[in-house]
Amino acid sequence: MSVTDSRDVPEADRLGGLLAPAGPPRRAGALAATATFGWRAMLKIKHEPKQLVDVVAIPVVFTVLFTYVFGGALGGTPGEYLRTLLPGTLVMGVVSCTMYGGARLAQDVTTGVFDRFRALPVWRGALVLGGLLGDAGRYLIAASISVALGVAIGYRPDGGVPGVVAGVALVIAFGLALSWLWAAVALLVRDPATVMSLGLAVLMPPTFASNIFVQPRTMPGWLRAFVEVNPISHVADAARGLMNGTGGAAPVAWSLAATAAITLVFAPVALHLYARRA
């Protein structure tokens, strides 16, 4: 039995064997596809820096301005008031930019990119979950700016690094829960400008009618009742307790319950609307 020498095989046949595909390309897994769409969402922030206007402006304006203008009247000293204000503006900075993910999804639907993505051989939910990864990156930027700015003007968290990390993680988790809400809205209205307008109209009243800037004990009874059940107030209280090392388990538990409730309601709705659209 003889073995054929490779030199006896024609050159074209040898090149054809090397270049011929072994089969169809392997379909990307759910995690890989989600990570790819998440990276795409982060790149859109790079190419559309206007998305970072609120992320930067809110911590700078509200933290610095309120600390030095109202700090002495509301907290005794600007430094003491900063212990109350900074965790609150951290929550405000994250909550105020949660609608950007929904606006991006609505833009994909209106420009036709959505239809191109659904033709790809990837898991259908990767586009939505990848967008959430991009949102998490945006929220982390907002939180980092808030904490760094607070430390620069005199904030010293008694909870230390673990307390700050836990507070930031809790706020980002709440922001991701709201992202599901705006993803559902985006798939319903399919217009980025409408998503942004609805976001401002829905989020601004409960954000200001909370304990971010002042404690509710000085408010009228009807307003105080709303502030005390406002999920944003619970998240701000939990962040203060974790960062300042003074809080108990109740605010954290209420914040986690609100985060879970919002996610359990709006995540299935968003995925259902996405599946129906796709």
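Details
- Helices (runs of 4 or more DSSP H) fully within region 133-231 that include at least 3 residues being more than 20 Å from the chain's Cα centre (by Cα): 160-189, 221-229.
- Region 91-115 - residue that is part of a helix (DSSP H, G or I) and free of Cβ contacts under 8 Å to residues at least 40 places away in the same chain and, of those, farthest from residue 191 (Cα to Cα): 115
- Taken over region 169-216, the criterion of being surrounded by fewer than 17 Cβ atoms within 10 Å (Cβ to Cβ) and hydroxyl-bearing (Ser, Thr, Tyr) is satisfied by 194, 197.
- Extreme residue, nearest to residue 227 (Cα to Cα), among residues of region 73-130 that are in contact with an Asp or Glu (Cβ under 8 Å, 6 or more places away or on another chain), open to solvent by less than 40 Å² (accessible area, probe 1.4 Å) and modelled with pLDDT under 80: 127
- When region 49-91 is filtered for residues that are touching a helix residue (DSSP H, G or I) at 6+ places or on another chain (Cβ under 8 Å), farther than 26 Å from residue 259 by Cα and of a type outside the set (Ser, Thr, Tyr), the ones remaining, listed by number, are 60, 64, 66, 70, 71, 72, 74, 75, 78, 79, 80.
- Here residue 230 fulfils each of the conditions (1) open to solvent by 40 Å² or more (accessible area, probe 1.4 Å); (2) under 21 Å from residue 81 (Cβ atoms) apart from (1).
- Criterion violated by residue 122 - all others in (1) part of a helix (DSSP H, G or I); (2) β-branched (Val, Ile, Thr); (3) within 22 Å of residue 184 (Cα to Cα) satisfied: (1)
- Selection of region 243-273 for residues being in contact (Cβ under 8 Å) with a residue 40 or more places away in the chain, open to solvent by less than 50 Å² (accessible area, probe 1.4 Å) and of a type outside the set (Gly, Ala, Ser) yields 243, 244, 252, 259, 262, 263, 273.
- For region 162-195, the set of residues classified as in contact with a Gly (Cβ under 7 Å, 6 or more places away or on another chain) and within 20 Å of residue 93 (Cα to Cα) consists of 163, 179, 182, 183, 195, listed by residue number.
- Residues (free of Cβ contacts under 8 Å to residues at least 60 places away in the same chain and among the β-branched types (Val, Ile, Thr)) located in region 155-210: 161, 165, 202
- Matching helices (runs of 4 or more DSSP H) fully within region 1-66 where at least 2 residues are open to solvent by 40 Å² or more (accessible area, probe 1.4 Å) and modelled with pLDDT of 55 or more: 30-47, 53-58
The values are calculated or read from the model by the stated rules, or taken from the named source; none is laboratory data. Given the structure is predicted, the values throughout are model-derived calculations rather than measurements. Cβ: placed from backbone, ideal geometry, glycine included. Neighbour counts: every protein chain shown. Ligands, DNA and RNA are stripped out before the accessible areas are found, and what is left, the full protein with its side chains, is counted by its heavy atoms. Shrake-Rupley method; radii C 1.70, N 1.55, O 1.52, S 1.80 Å.
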